[in-house]
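The structure appears right after this line, and notes come after that.
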Amino acid sequence: MTNAGLIALTDSVVDDLTDRLPLRTPVPAHHREPVLDVVVPVFNEETDLEPSVRRLHAHLRETFPYPFRITVADNASTDETPRIAARLAAELPETQWLRLAEKGRGRALHAAWSDSRAPVLAYLDADLSTDLNALLPLVAPLISGHSDIAIGTRLARGSRVVRGPKREVISRCYNALLRSTLAVGFSDAQCGFKAVRRDVAERLLPLVEDSGWFFDTELLVIAERAGLRIHEVPVDWVDDPDSRVDLLSTALADLRGIARIGRALARGTLPMAGLRRSAGGESRGGLAGQLLRFAAVGAVSTVGYVLLYAALRPAAGPQAANALALLVCAVANTAANRRLTFGLRGRGGAIRHQAKGLLVFVIGLALTSGSLATLHHVAPGAARPTEVAVLVAANLAATLLRFLLFRAWVFPARRTRRRGTGPTAS
């Protein structure tokens, strides 16, 4: 490899470290600007909007210890909702109104969150089906720096839910489908009661394609696969009998969304590197820490190779035993480095990583074997200590090359393009 190539690989390593999310830190105790921005997405909510916003405003004033803002995100309402929202924004000092020309709850949340500068962003449904006493427990882990995202769940022990059997069955079936198809760990994707840290939202929102009801699910799936911490809060929830959600069309859209995000995860096409948090010591010596973990994995792999070769040698012969032991240990080594050294979790891109890892292994093997063959060609009578010295040097070079290729090619830190902010209030 040329010097220019090594410099490019080293630059990629540095880029990976600088492109990560910074460490989570608590929001300062004395904060003049709003700490929390609660978005209420609405579409034709002329009946519930005013009492709900006034109730939310009173609750936050009485219970929330930081400055706050309420943003009514009106996505193309055709009734009196815009007039009511404008009047509320004029009367309540901590309230503002955002008007969008196109319909879609996901579109409304994307626009409102993108336009906000509050450290913590939240949203809740306009009917206030979720008990507001869960709002402070929802956002507290984000304010303290404990978690990246927080969600209300109606399916956890301790939740109290009042709703009809039809919606209960649909909700449980949907979340069971997510667990079986996308292997998610969170319990309730659809509860309209969520919050996210702004630094996470800035990187996460450009990756979410859906502008409707699947927005929540897609955001959570990507966040979980990137290793972000999701905090769940059991909630008290009462179904709104006047809900106008079209269950059939929403279900079909959700199925299409699951298929789309599943394909993206399987192909490894989602650029999640920018969503990963820096580890505690990475800001001072992250590369050194990864080198140490890489070396530890290599040492364990070597011991495993020796034991496996010794077990296979009597039955398979030296060549077959060597090939099988090397293959098994190469696969295990790539998987261990993927998880322990580079912090990648989940199945997304695992097959592609293994294929690249095997190719890197072959490159390293060719380097060591070629070095030995060159020695024998140049000095046919070279002594055993000379052979050992050449192999040690070649293995050191192969190990360094393997680490750099792992960082820059097998497990690259891909940058995400940030989109512009959403529409502004009219």
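The values are calculated or read from the model by the stated rules, or taken from the named source; none is laboratory data. Since the structure is predicted, the reported quantities are computational estimates derived from the model, not experimental observations. Cβ atoms come from the backbone with ideal geometry, glycine included; neighbour counts cover every protein chain shown. Keep in mind that these areas ignore ligands, DNA and RNA; they rest on the heavy atoms of the full protein, side chains included. Shrake-Rupley method; radii C 1.70, N 1.55, O 1.52, S 1.80 Å.
General observations
- Residue match in region 27-38 (condition: assigned to a loop (DSSP other than H, G, I, E, B), modelled with pLDDT of 95 or more and open to solvent by less than 40 Å² (accessible area, probe 1.4 Å)): yes
- Enumeration of residues in region 337-361 that are farther than 25 Å from residue 225 by Cα and either open to solvent by 80 Å² or more (accessible area, probe 1.4 Å) or among the small types (Gly, Ala, Ser) (or both): 359
- Test for residue 136: is it in contact (Cβ under 8 Å) with a residue 12 or more places away in the chain and in contact with a Gly (Cβ under 9 Å, 6 or more places away or on another chain): no
- Residues in region 108-128 that are within 11 Å of residue 34 (Cβ to Cβ) and in contact with a Ser or Thr (Cβ under 8 Å, 6 or more places away or on another chain): 116 alone.
- Inside region 67-122, residues that are more than 20 Å from residue 204 (Cβ to Cβ) and among the hydroxyl-bearing types (Ser, Thr, Tyr) make up a count of 4.
- Evaluation of residue 134 against (1) open to solvent by less than 40 Å² (accessible area, probe 1.4 Å); (2) touching a Lys or Arg at 6+ places or on another chain (Cβ under 7 Å); (3) closer than 20 Å to residue 52 by Cα (one fails), failing number: (2)
- Considering residues of region 191-227 that are assigned to a loop (DSSP other than H, G, I, E, B) and surrounded by fewer than 23 Cβ atoms within 10 Å (Cβ to Cβ) only, the residue modelled with the lowest pLDDT: 227
- In region 246-272, residue nearest to the chain's Cα centre (by Cα) [restricted to those that are in a loop (DSSP other than H, G, I, E, B) and of a type in the set (A, V, I, L, M, F, W, C)]: 272
- Filter result for residue 203 (touching a Leu at 6+ places or on another chain (Cβ under 6 Å), under 30 Å from residue 118 (Cα atoms) and touching a residue at least 60 places away in the same chain (Cβ under 8 Å)): yes
For (1) farther than 30 Å from residue 216 by Cα; (2) at pLDDT below 85; (3) in contact with a Lys or Arg (Cβ under 9 Å, 6 or more places away or on another chain), each residue gets a yes or a no:
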| residue | (1), (2), (3) |
| --- | --- |
| 258 | no, no, no |
| 277 | no, yes, yes |
| 288 | yes, yes, no |
| 295 | yes, no, no |
| 305 | yes, yes, no |
| 312 | yes, no, no |
| 315 | yes, no, no |
| 326 | yes, yes, no |
| 331 | yes, no, no |
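- Residue match in region 181-193 (condition: of a type in the set (Phe, Trp, Tyr), out of contact with any strand residue (DSSP E or B) (no Cβ under 8 Å at 6 or more places or on another chain) and touching a residue at least 60 places away in the same chain (Cβ under 8 Å)): no
- Qualifying residue in region 96-106 (condition: aromatic (Phe, Trp, Tyr) and either more than 28 Å from residue 211 (Cβ to Cβ) or open to solvent by 10 Å² or more (accessible area, probe 1.4 Å) (or both)): yes
- Output for region 143-178, where each listed residue is surrounded by fewer than 13 Cβ atoms within 10 Å (Cβ to Cβ) and among the β-branched types (Val, Ile, Thr): 162, 169
- For residue 394, the requirement of being modelled with pLDDT under 85, of a type in the set (Gly, Ala, Ser) and closer than 30 Å to residue 265 by Cβ is not met.
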